[in-house]
Amino acid sequence: QVQLVESGGGLVHAGGSLRLSCAAFERTFSSYAMAWFRQAPGKEREFVAVIRRSGESTYYAESVKGRFTITRDFAKNTVYLQMNSLKPEDTAVYYCAADRQYPVVVAMEYDYWGRGTQVTVSS
């Protein structure tokens, strides 16, 4: 069982930045590709970004490419999502997920999820 805990969400104005964190309470953190998804009210959960187990490769949704950056820190068992140039349409609950395969962009393929952190971008 992989326990994931997100933090760092909040309220920000359009054009601003936030950094989300996802702490993994798992000794084999390096065995998992880590991803971020988001879900806005009334919408399905959508893929945002994923990073390979080694951290050497990343993949992004087109809607966030060039604005968001996913990284991971093996010493802290943590994955980050740096979000810049935020837009109102980025408003959603952001979830961290773990899977042994890479790159997986379909939410239902992931076995492990955090509880999410709310990001609200005002116009």
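Which lysines, on any chain, are close to K87 with Cα under 16 Å apart, when same-chain ones fewer than 8 places away are left out?
Filter leaves K65.
Going by Cα centres, the range 35-81 and the range 1-19 are how many Å apart?
If you average the Cα positions of each part, the centres end up 11 Å apart.
Computed FRET efficiency, Cβ-Cβ of S57 and R27, R0 30 Å: what is it to the nearest 0.05?
0.85
Can you give the charge dipole size of the range 30-115 about its Cα centre, rounded to the nearest 20 debye, using +1 on the beta carbon of Lys and Arg and -1 on the beta carbon of Asp and Glu?
Dipole size: approximately 180 debye.
Where in the range 85-123 does the label zone of E46 land, with the point 7 angstrom along Cα→C-beta and an amide N cut-off under 16 Å?
Only 86-95, 105-108, 119-121 fall inside the zone, counting backbone N under 16 Å.
Any idea of the accessible area per residue across the chain, 1.4 Å probe, to the nearest Å²? The partial results should precede the final answer.
Working: 6560 Å² over 123 residues.
For the chain, the solvent-accessible area averages 53 Å² per residue.
Below 8 Å, C-alpha to C-alpha, sequence gap of six or more: please give me the relative contact order for the chain in percent.
36
Charges on Cβ only, +1 for Lys and Arg, -1 for Asp and Glu, centred on the Cα centroid of the chain; of Y95, L18, Y60, which one is farthest towards the dipole's positive end?
Towards the positive end, the residue furthest out is L18.
Among DSSP bridges having both ends in the chain, what percentage is antiparallel? Round to the nearest 5. Could the numbers behind the result be given before it?
Numbers: 37 of 41 bridges.
Here the share of antiparallel DSSP bridges comes out near 90 percent.
Share of the chain's accessible area from carbon and sulfur, percent, 1.4 Å? List each step's numbers first, then the result.
Details: 3020 of 6560 Å².
Reported share for carbon and sulfur atoms: 46 percent.
The values are calculated or read from the model by the stated rules, or taken from the named source; none is laboratory data. These figures come from a predicted structure and were not determined experimentally. As a convention, Cβ positions derive from the backbone with ideal geometry for all residues, glycine included, and neighbour counts pool all protein chains shown. Surface areas here come from the heavy atoms of the whole protein model, side chains and all, with no ligands, DNA or RNA. Shrake-Rupley method; radii C 1.70, N 1.55, O 1.52, S 1.80 Å.
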